[in-house]
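The values are calculated or read from the model by the stated rules, or taken from the named source; none is laboratory data. Predicted, not measured: the structure shown is a model, and the values here were computed from it. Positions of Cβ are backbone-derived with ideal geometry, glycine not excepted, and every protein chain shown enters the neighbour counts. Accessible surface is based on the protein model in full, side chains and every heavy atom, while ligands, DNA and RNA are left aside. Shrake-Rupley method; radii C 1.70, N 1.55, O 1.52, S 1.80 Å.
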Amino acid sequence: MPEHPVPGESDPEANLPMLREPASAEFGPMHQLGHGAGPQMPPPFDDEEEGGGLDPRRIIAAVVRYRWLVVATFVLGTAAAVVFWNRLDVRYTTMGSLWVEQERRSTNPGDVLPIRVSGLFETTAYIDVMKSLSVLLPVVESQKLYLDVGDGVRDLFAGFQLEERFVPGSYTLTVDPAGASWTLTHAEAGVIDRGQAGEAIGEDAGIVFHPPADWFPPGIEIGFRLKHPQQAARELSNSLIIGTDVAGNFLRVSYSGTDPGRIADVLNAVLESHIEVAAELKRDRLDETQVVLEEQLVYAQELLSSAERQLEDFRVRTITLPSDQATPIAGGLQMTRDPVFGNYFNMQTDLEAVRRDRDRLAGIFQALPDTSIPVETLEAIPAASGSRELQQVLDELVDLRAELRVYRDRYSDQYPPIQEILTRIGTIQTETVPRVLRGLIQELNSRETRIVALVDSASAALAEIPTRTIEEARLERQVETQETLYNDLRSRVENARLASASSVPDVRILDRAVVPDSPSDDPRVLFAGLFLIGGLGSGILAALLLDRLDRRIRYPTQVDRDIGLTILGSIPRVEKAGAKGGENQAAVVEAFRELRISLGFAFGSAGPIMLTVSSPSQGEGKTFISTNLAVAFADMGRRTLLIDGDTRRGDAHRMLGLERCPGLTDYLKERTAGEIIQSTRYENLDFIGGGARGSHTPELLASTQMSRFLGTLKRAYDVIIIDSPPLSGGGDALVLSSLTGNLAVVLRSGSTDKALAAAKIETLSRFPIRVLGAVLNDTDPGGLYGYYATYLPSYLTPVDADEENGPGLGAPSQLVAPGVAKDEADR
């Protein structure tokens, strides 16, 4: 055992030199700091300043720390993206267009247009026709849209058909592994049919399907679903997007689906079915118009025949009577008569015709609108047939009634075009015809008044004109009128027959649908991106949440904000031996040098440095810090004493390769100081072990002998560092801190509990202890503690031989490695 100064001998002043000089030049000018003061090192960031947000470096640190969680969520998001990529359908859209031919109307009366009837209906009505069941049901049946089956097996159902009565729902067709038999199962009714290969499938379910024997792939199981064609037609109607241009000459139709070839076939089938239905509707309308006109022609022919018979009967009865006509000019020519007589005769005939037409029109007018408009009767009245306005109205009414018959053969009265036609017919019957008849009656009344005045003025001269002459003229006039009406109707019937024979549809396909070569809607990219970003974002958010909920100290700002301590320094993590082992050890040694400087300034210049090193709990590296800090003080030439004050579980002696006994507790049990002070392999560094352990050793630390012992040591050493038990390990740390008056708290990054540390530091405020600050242990030099790290290797230079072997303090000591400690000694 080397010789040591023995404090407590009879003349301690003679043996222990008093080192009263100020702190070494390494510290510079020393200043007395207040209680709890330390070097005010600005934190590298403050993530919770008012108005601030998360610091990006803290986010990165949290993500790196919980990287496996982030990777796991990202992998889950990637897996979900792959699943949705394989399951989501890509939709294609195809388009087609129809040309709608509008009726041409010439503004020049001299223009001659082809013989044709007006268009079937307005362009907007073609949209309703395209979405009607008359157009879509044939498409549903031809394209088998009532059958939902996978695209991979759709070709196998090429001969599939439905009977009028079938069972809708989901089916499963299962073929045995040998391909010799099959079973048809309904989702609700269960097994509904079985059979051998080559037999008809599903006859009891209303299915017409008789595939050949070699159709069945062995062991296949096919699922398909049947629905009513009307339901499939409604779904198809909802899927069609139909638009028209401003002029109404184009109908643009688009249709979307997952099979590009199938949607093109379906849309072309819809366009072709629409043209067929439109052509059929037009032919039906022309046929109905022809029927109506032929009925009117028959009626007009009957009226003409009746008028001719009346004239013939009158002439037969009066042929033997004396004639009042003048002698004929020549044979075969019409007989001449007196001009006055002729004028009077014509006026009487006109007056009779006006009164007769007026009375008939008045009777029809009185019956409106309770009865239907008698078109044939009105056209048989000369005054009515001579009214162009009334003829136009009646022609329109005839066309509307013919069109109404066509629609009622196919649709109910709730169909929108039928409702429109009924509205127009009602308007004509209740408003237009009464208005025209009222004007015509008024015109006839005016004509009657004028003719009566003329007849009265000429009655004296014509009083002797025989009545038979007037009657004959009237009959001739009636025959002429009926003949004109008959000829007009016969011409219209011929035009209707010609139009019916040469009718063409008012719509035709302008652009057929083609198979699209690129999708119009691909949700896979969106969902894959959402899942990938969502998985990564969820992992990052989970990492940030776990970081926020973490009870351990991980960031420099938590030391000041949550615990209330100033950071004296940070000690980097000691790496294992390897390629960078030398650089890491040099960085750790330099970190202890900086800690030594910070403690010098924090302690001040009054007397030797007496310091207790503790931590909130075990396993935080206080023994490692206190041992290497003592080595750092000894390296600068200061007499340093390290005392293992942890009499319960202290292991500082293991790190220095010394003995625990005799030690501190042995001295306090009446042993001499010279026996417990041990020399170390480091120059200027002595060590006192914990001594023998016992149940009453904590009481020895609080004894007056311990206080006197420390007072004696103060005169022999420049630096006294006591490695105390953890603050949570009992009151030993409080006792030792009270004896030295100064305490440095070791906090281990990622290990120290913030709440426990804050509670223990709060307890120290009730004791006469100056807390110099906190020492951050086990920090990551490249992490958020990088501000405190020392990048010494980039500044190392070769050491001169003279400096290495010459006078001075010598080269810095090697780091006291923690590998020899086995429990709370910290690493």
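Return the pairs, sorted by first residue and then second, in which the second residue is not β-branched (Val, Ile, Thr) and not in a helix (DSSP H, G or I), the first residue lies in region 434-449 and is open to solvent by less than 60 Å² (accessible area, probe 1.4 Å), the beta carbons are less than 8 Å apart, and the residues are 6+ apart or on different chains.
Close Cβ pairs (under 8 Å, with a partner that is not β-branched (Val, Ile, Thr) and not in a helix (DSSP H, G or I)) amount to PRO434/LEU368; PRO434/PRO369; VAL436/SER387; LEU437/LEU368; LEU440/SER387.
Quick check, is VAL167 open to solvent by 50 Å² or more (accessible area, probe 1.4 Å), at pLDDT 75 or above and within 19 Å of LEU226 (Cα to Cα)?
yes
Taking the criterion of being in contact with a Cys (Cβ under 8 Å, 6 or more places away or on another chain) and closer than 22 Å to PRO725 by Cβ, would at least one residue in region 675-689 satisfy it?
yes
How about region 293-326: which of its residues are at pLDDT 75 or above and open to solvent by less than 30 Å² (accessible area, probe 1.4 Å)?
LEU293, GLN296, LEU297, ALA300, LEU304, ALA307, LEU311, PHE314
If we scan region 585-605, do we find a residue that is of a type in the set (Val, Ile, Thr) and closer than 21 Å to GLY711 by Cβ?
Checked against the condition, which is being of a type in the set (Val, Ile, Thr) and closer than 21 Å to GLY711 by Cβ, region 585-605 yields no hits at all.
Answer with yes or no whether ARG554 is within 30 Å of ASP753 (Cα to Cα), surrounded by fewer than 16 Cβ atoms within 10 Å (Cβ to Cβ) and at pLDDT below 80.
Here the answer is no, as ARG554 does not meet what is asked.
Would you list the strands (runs of 3 or more DSSP E) that sit entirely within region 709-827 and hold 3 or more residues that are open to solvent by 10 Å² or more (accessible area, probe 1.4 Å) and modelled with pLDDT of 80 or more?
770-779
Which one is farthest from PRO608 (Cα to Cα), of the residues in region 718-750 that are polar (S, T, N, Q) and in contact with a helix residue (DSSP H, G or I) (Cβ under 9 Å, 6 or more places away or on another chain)?
The selected residue is SER728.
What number of residues in region 594-621 are at positive phi and crowded, with 24+ Cβ neighbours inside 10 Å?
Looking only at that region, the number is 1.
Answer with yes or no whether ASP517 is within 26 Å of the chain's Cα centre (by Cα) and open to solvent by 70 Å² or more (accessible area, probe 1.4 Å).
Spelling it out, ASP517 is indeed within 26 Å of the chain's Cα centre (by Cα) and open to solvent by 70 Å² or more (accessible area, probe 1.4 Å).
Looking only at residues in region 210-225 that are modelled with pLDDT of 80 or more and hydrophobic (A, V, I, L, M, F, W, C), which one is farthest from VAL191 (Cα to Cα)?
Checked region 210-225; the qualifying residue farthest from VAL191 (Cα to Cα) is ILE220.
Evaluate region 636-643: report whether one residue or more is closer than 27 Å to ALA758 by Cα and surrounded by fewer than 24 Cβ atoms within 10 Å (Cβ to Cβ).
For region 636-643, residues closer than 27 Å to ALA758 by Cα and surrounded by fewer than 24 Cβ atoms within 10 Å (Cβ to Cβ): absent.
Out of region 572-588, which residues are open to solvent by less than 50 Å² (accessible area, probe 1.4 Å) and modelled with pLDDT of 65 or more?
PRO572, VAL574, ASN584, ALA586, ALA587, VAL588
How many residues are part of a helix (DSSP H, G or I), of a type in the set (Phe, Trp, Tyr) and at pLDDT 80 or above if we restrict to region 363-421?
1
If PHE624 meets every condition in (1) surrounded by fewer than 24 Cβ atoms within 10 Å (Cβ to Cβ); (2) closer than 22 Å to THR752 by Cα; (3) among the aromatic types (Phe, Trp, Tyr) apart from one, which number is that one?
PHE624 satisfies every listed condition except (1).
Kindly check whether there is at least one residue in region 110-118 that is open to solvent by 40 Å² or more (accessible area, probe 1.4 Å), more than 30 Å from GLU494 (Cα to Cα) and at pLDDT below 85.
no
Out of GLY206, GLY202, I need the residue that is open to solvent by less than 10 Å² (accessible area, probe 1.4 Å) and without any contact (Cβ under 8 Å) to a residue 40 or more places away in the chain. Which one?
Among GLY206, GLY202, only GLY202 is open to solvent by less than 10 Å² (accessible area, probe 1.4 Å) and without any contact (Cβ under 8 Å) to a residue 40 or more places away in the chain.
With respect to ALA591, determine if the residue is over 23 Å from THR566 (Cβ atoms), open to solvent by less than 10 Å² (accessible area, probe 1.4 Å), touching a Ser or Thr at 6+ places or on another chain (Cβ under 7 Å) and among the aliphatic types (A, V, I, L, M).
Answer is no for this residue.
Name, by its number, the condition in (1) touching a helix residue (DSSP H, G or I) at 6+ places or on another chain (Cβ under 9 Å); (2) part of a loop (DSSP other than H, G, I, E, B) that does not hold for VAL139.
(2)
Of everything in region 226-251, what is over 15 Å from VAL266 (Cα atoms) and modelled with pLDDT of 80 or more? Give them in sequence order.
LEU226, LYS227, HIS228, GLN230, GLN231, GLY243, LEU251, listed by residue number.
Considering only residues that are outside any strand (DSSP E or B), in contact (Cβ under 8 Å) with a residue 12 or more places away in the chain and open to solvent by 80 Å² or more (accessible area, probe 1.4 Å), look in region 85-99 and name the one that is farthest from LEU236 (Cα to Cα).
It comes out as TRP85.
Looking at region 266-283 only, could you name the residues that are touching an Asp or Glu at 6+ places or on another chain (Cβ under 7 Å) and open to solvent by 10 Å² or more (accessible area, probe 1.4 Å)?
The one that is touching an Asp or Glu at 6+ places or on another chain (Cβ under 7 Å) and open to solvent by 10 Å² or more (accessible area, probe 1.4 Å): LYS282.
Which of (1) open to solvent by 40 Å² or more (accessible area, probe 1.4 Å); (2) more than 15 Å from TYR126 (Cα to Cα) does ARG252 not meet, given it meets every other one?
(2)
Is one or more of the residues making up region 696-707 open to solvent by less than 10 Å² (accessible area, probe 1.4 Å), at pLDDT below 85 and assigned to a loop (DSSP other than H, G, I, E, B)?
no
Checking VAL631 against (1) more than 60 Å from the chain's Cα centre (by Cα); (2) modelled with pLDDT under 85, which test does it fail?
Exception for VAL631: condition (2).
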